[in-house]
Amino acid sequence: MGKEDAVLNLPTNPSLSMTLNHLRTWVEIECGHSVAGDISWVPEMPAHSEMSSRLPPSVPKLSGAGVERIVKHAHWVRNAVSEIFPAYGLVPAKHSSLQIKTANTFPAASGIASSASSFAAVTLATALISSEDMDSFKSLWKDKSIGPRFRRDLAQVSRQGSGSSCRSFEGPWVFWKDAIASPVESSLPDMTDLVVLISSDSKEISSSQAHAMVKSSPLWQGRVDRAQGRVR
């Protein structure tokens, strides 16, 4: 908890996380005929999401501010990748209007990193559709030599929308320090994470609020040093 830089979404201390396979976000983006570059979020189920998931997905109930946050981030991603793509031989597609549909296999704003999953998925989908050659994008994503650097660049773009989303581009274990989230090699066997939902209600305090409030805690002093010592 806590941000070193609230604008860049940089954490106050490093952390180790586990990326979950089945708590996921589905994103579908359709291009419109307009070249004005308008982007909108549509509260509809993405195609094929129900058939491709072990857990039943549902469309999140987003507030006006939540919709604006996603739309703003999609604009940010489209502009950012136009600068990233040339370094990888990708050509940015011409801007057209986009319609975004999302669904989660878990409740939004319930405290289990829905923003991390959502913004990572929106970042990847927007970046993919912003490539003139999507097959080359997919090949690059999976490339063993260049792929990790490419994913890391996109993760840093995603971090602008939700800090913890930068960890969702790798897994199962990810180490996040400052601006970089990197996969961690582990000799541990495959593990199962059990999530028990006792309520799907939205949490009363958002993560952004909590990051600011935690610094007023009497236990905050020394916490950063303790956290850094535990991940070494």
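Every number in this text was worked out from the coordinates using simple rules, so none of it is lab data. From a predicted model like this one, the values you see are computed outputs, not experimental measurements. Every residue, glycine as well, gets a Cβ built from its backbone with ideal geometry; the counts of neighbours run over all protein chains shown.
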Cβ-based charge dipole, the stretch 174-232, positive-most Cα from W220, S202, A179: W220
Calculated log₁₀ intensity ratio I(q)/I(0) where the Debye formula runs over C-alpha points of the stretch 132-181, q = 0.22, 0.31 Å⁻¹: -0.80, -1.16
For the stretch 1-119: span of alpha carbons on each principal axis (Å, largest first): 39, 37, 31
Kyte-Doolittle mean at least -1.0, axial Cα span of 20 Å or more - DSSP H helices of the chain: 64-84, 114-129
Mean separation of Cα contacts under 8 Å, 6 or more apart, over the residue count of the chain: relative contact order %: 29 percent
Total charge dipole magnitude, the chain, about the Cα centre, Cβ charges on Lys, Arg, Asp, Glu only, Debye to nearest 20: 600 debye
Selection from N104, G64, S118 lying farthest towards where the dipole of the stretch 1-122 points positive, charges on Cβ: N104
For the stretch 20-28, Karplus couplings with θ = phi - 60° (6.51, -1.76, 1.60), whole Hz, Gly/Pro x: 8, 7, 9, 8, 9, 10, 9, 10, 10
Trypsin sites (Lys or Arg not before Pro) within the stretch 1-92, DSSP loop, no more than 11 other Cβ atoms inside 10 Å: R54, K61
Segment N79-V231, length gained on full extension (0.36 nm per residue, minus Cα span): 51.2 nm
Relative contact order of the stretch 29-117, pairs being alpha-carbon contacts under 8 Å that are 6 or more residues apart, as %: 52 percent
The stretch 86-159 shape via C-alpha gyration tensor axes, a/c threshold 1.5: oblate
Part-to-part distance (alpha-carbon centres) for the stretch 161-232 and the stretch 71-150, which is given in Å: 22 Å
Quarter of the Cα convex hull surface for the stretch 130-232, i.e. its orientation-mean projected area (nm²): 10.2 nm²
The chain - convex hull of the alpha-carbon atoms, volume per residue in Å³: 147 Å³
